[in-house]
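Worksheet: the structure to be examined is printed underneath.
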Amino acid sequence: MTKHIAINTKENIFHIVSDEIAYCNYATRTFYFKNDETIIFLKGIKEFERLLDDSDLIRPHQSYLANKNHISSIDKVNGYHLTLKNQARIPIFTHRQKAMFDMIKIGL
């Protein structure tokens, strides 16, 4: 489901559509978009996770949100990682693997 949210930065407030997000890295406080643009944000990831509930964003790792429609594969070598269409690699926490597979309908 598409969601509309505001992302507050030091200089601007951006209105974005959840479908355009490729992933979010909490460690760098950065949203990465499908068009390769980035926005560095101020809010915590839990706040965005709450705002984006019922969207196509999933949380494979404590430091990441990823758009499940932007996933191209799951790498099962050297730990589990999501590979996105823009070639970004997102780690999957061990205790979240089954939930991730269930959410994106891949299975173990």
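Bear in mind that the values in this text are calculations on the coordinates, not laboratory data. Just so we're clear, the structure is a prediction, and the values are computed from it rather than from any experiment. Ideal geometry is used to build each Cβ from the backbone, glycine not excepted, and the neighbour counts take in all protein chains shown.
Per-structure values
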| read-out | value |
| --- | --- |
| Percent of Cα-Cα distances greater than 24 Å, calculated over the chain | 18 |
| Per-pair calculated FRET efficiency, R0 = 22 Å: Glu11 and Lys85 via Cβ, rounded to 0.05 | 0.15 |
| Gain upon complete extension [Asp36, Asp53; 0.36 nm per residue less C-alpha separation] | 3.8 nm |
| For the chain, built as a Gaussian network whose Cα springs stay under 10 Å, the top-fluctuating residue of Asn78, Asn12, Asn35 | Asn78 |
| In order through the range 30-43: 3J(HN,Hα) via Karplus (6.51 cos²θ - 1.76 cosθ + 1.60), integer Hz, x for Gly, Pro | 10, 8, 10, 9, 4, 8, 6, 7, 9, 9, 8, 10, 9, 5 |
| Karplus 3J(HN,Hα) series, Hz, for the range 83-88 with 6.51 cos²θ - 1.76 cosθ + 1.60 (x for Gly, Pro) | 10, 8, 4, 8, 6, 5 |
| For Thr9, residues with placed amide H under 5 Å, excluding near neighbours | Phe14 |
| For the chain, calculated [θ]222 nm from helices alone, where every DSSP H run of n ≥ 4 adds -39500 (n - 2.57) | -3000 deg cm²/dmol |
| Sites His4 and Val77 - FRET efficiency at Förster radius 25 Å, r taken between beta-carbons, to 0.05 | 0.10 |
| Size of charge dipole - the chain - debye, nearest 20, with Cβ of Lys, Arg +1 and Asp, Glu -1, no other charges | 340 |
| Among Glu11, Glu20, Glu49: highest mean-square fluctuation, GNM of the chain, C-alpha pairs under 10 Å | Glu11 |
